[in-house]
Amino acid sequence: MSVSVVLFTADLRLHDHPPLRAGLDGRRQVVPLFVRDRGVAAAGFAAPNRLAFLADCLRDLDAGLRERGGRLVVRSGDVVEEVCKVAAEADADEVHMAADVSAYAQLRERRLRRALEAGGRRLHVHETVTGAVPPGAVTPASSDHFAVFTPYFRQWSGQRLRGVLDAPRSVRVPAGIGSEEPPRRAGSPGLSPELAEGGERAGRKRLTAWLRSGVTAYADLHDDLAGDATSRLSPHLHFGTLSPVEVIHRARRVGGPGAEAFVRQVAWRDFHRQVLAARPGAADADYRTKHDRWRSERTARDDIEAWREGRTGYPVVDAAMRQLRQEGWMHNRARLLTASFLAKTLYVDWRVGAGHFLDLLVDGDVANNQLNWQWVAGTGTDTRPNRVLNPVTQAKRHDPEGAYVRRWVPELADIAGAAVHEPWKLRGSDRARCEAYPDPVIDLADGLARFKRARSRD
């Protein structure tokens, strides 16, 4: 009986998994393989929160395979070397994997294809596994990718998605293929205390609950910071414990304005993926440069540390940064606010902020993280590159009673209502109750003036 290898990367699930289904076609034996890639660690992407969530995902994937008569094979090292070793050990004639868009992933795929072909084996790369609509499937007439979301979304919405595949009933793995024990979540420095649980079971449970009771109000409540009315599915989409194709199909079956708004947000993932696939350098370099002379970590050290630690003196910014450290996750509106404050009010290089987010975000994804940061910094795809989000105005709009701030900034817990957003205006006993909270690191008008001067040079 022929054998195939299925290489799991950012697709750690059994439901709706085209590479696994293809690997099992013809009643093959299959080696489900995950390689703990030393290249990812060397590149700095092996952050504690993502490693912990990954450990949950791998153990859950192994458990699901064992329920079906199989198991997960785990190796550590260079992906290309380990895949070739496993293919040789299993006498496999082909390898299946999901397509991905980062420069690292594209290089890995090219290296793997060359190495397998040299050994007489084939590599099959499957689209629509980690994204719903693959890069290049929709393009404008004058370019290889869309640089503006709205026309992209219009064409994206008209694409017919493939059907959802059931999880396999049985998985047969050849004997004698050595494996490491799947890693366990372990405490480590930098691990967020309230990090969510990973794994396909947890993801499917959260998706079902969200579609049953959360998505219908999403259009109205998605920016409500205190309401916490977003799906929190981004870590599961990042690690692939949920299929974006299945998520979209199920949301569309629910229907209504909330589901439509939610699907639009899922489409942003594909939008950023097609930008990065076409312009891999945008992970580190300005997509559309404004010739900014950003303040660096050396020149703005104190301001950057205040921002990272949540002590800028602007309560909504500090609340969001503390949520990030505590949960390894942050509300999307809060991501926009904190990024705008660093890049435009403090005029610090967006790469400093993007790097900090990647250090902590469990859903830290090169395409979404870097290109969202560029969008906010005005060097990316935003059609209004000089917009600045005022943290006080935004806080009053999206946290009108101050509940979000009081949840994460205990120094202000005794300040009632919207007054919590401007503690520097308090007087008397109210001011005394929050004396432990710092003064603002900068006046907003001064920050805005500096940013306008800098951009006027363009």
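Points to keep in mind about this one:
- Around W156: net Lys/Arg minus Asp/Glu count, Cβ-Cβ under 15 Å: +4
- Taking a ≥ b ≥ c as the square roots of the eigenvalues of the Cα gyration tensor, the stretch 1-136 is classed as rounded, since a/c falls below 1.5.
- Aspartates and glutamates with Cα under 17 Å of K85, excluding same-chain neighbours fewer than 8 positions away: D37, D93, E94, E109, E117, E180
- Each residue, A46 and S2, gets one label point 7 Å from its Cα in the Cβ direction; the gap between the two is 3.5 nm.
- Taken about its Cα centre, the stretch 3-128 carries a charge dipole of roughly 120 debye when the Cβ of each Lys and Arg holds +1 and the Cβ of each Asp and Glu holds -1.
- Separation between Cα centres of the stretch 81-127 and the stretch 132-155, rounded to whole Å: 28 Å
- Charge sum, other residues only, whose C-beta stays under 14 Å from L58's C-beta, Lys/Arg counted +1 and Asp/Glu -1: +1
- Dipole in debye (nearest 20) - the chain, about Cα centre, beta carbon charges: Lys, Arg +1; Asp, Glu -1: 760 debye
- Gap separating the Cα centres of the stretch 344-366 and the stretch 200-263, nearest whole Å: 24 Å
- Straightening the chain between R431 and R184 buys 84.2 nm, computed as 0.36 nm per residue apart minus the Cα-Cα spacing.
- Pairwise label distance in nanometres, D446 with A285, each label 7 Å out on the Cα-Cβ vector: 3.6 nm
- Chain lengthening between D220 and D144 when straightened (0.36 nm per residue, less Cα-Cα): 23.9 nm
- By the Kirkwood approach, averaging reciprocal distances over each pair of separate Cα atoms, the stretch 301-456 gets a hydrodynamic radius of 15.7 Å.
- Qualifying GluC sites (Glu not before Pro) in the stretch 248-328, where qualification requires a DSSP coil assignment and no more than 16 other C-beta atoms within 10 Å, comprise E297.
- Linear extension gain, R384 paired with R253, 0.36 nm per residue minus alpha-carbon span: 43.7 nm
- For the chain, the Kirkwood radius over C-alpha pairs fed into Stokes-Einstein at 4 °C and 1.567 mPa s yields D = 55 µm² per second.
- A416-A88 pseudo-label distance in nm [points 7 Å out on the Cα-to-Cβ vector]: 7.5 nm
- Using the rule -39500 (n - 2.57) for each DSSP H run of four or more residues, divided by the residues of the chain, the 222 nm mean residue ellipticity is -13500 deg cm²/dmol.
- Crossing angle, helix 244-254 versus the chain [Cα axis fit, 0-90 degrees, rounded to tens]: 70 degrees
- For the stretch 379-442, GluC sites (Glu not before Pro) meeting the loop criterion (DSSP other than H, G, I, E, B) and having at most 16 other Cβ atoms within 10 Å: E401, E435.
- A Förster radius of 22 Å, combined with the Cβ-Cβ distance separating E81 from A175, puts the computed FRET efficiency at roughly 0.45.
- Under 14 Å from the Cα of K425 - aspartates and glutamates, other chains or at least 8 residues apart: E435, D439, D443
- Rg over Rh, two decimals, the stretch 196-351 (C-alpha only, Kirkwood Rh): 1.01
- Sparse-neighbourhood loop sites, trypsin sites (Lys or Arg not before Pro) in the stretch 260-348 - DSSP loop, at most 13 other Cβ within 10 angstrom: R288, R293, R298
Every number here is computed from the coordinates shown, using simple stated rules; none is lab data. Everything numeric in this text was worked out from a predicted model, so none of it was measured. Cβ coordinates were reconstructed from backbone atoms using ideal geometry, including for glycine residues, and neighbour counts include every protein chain displayed.
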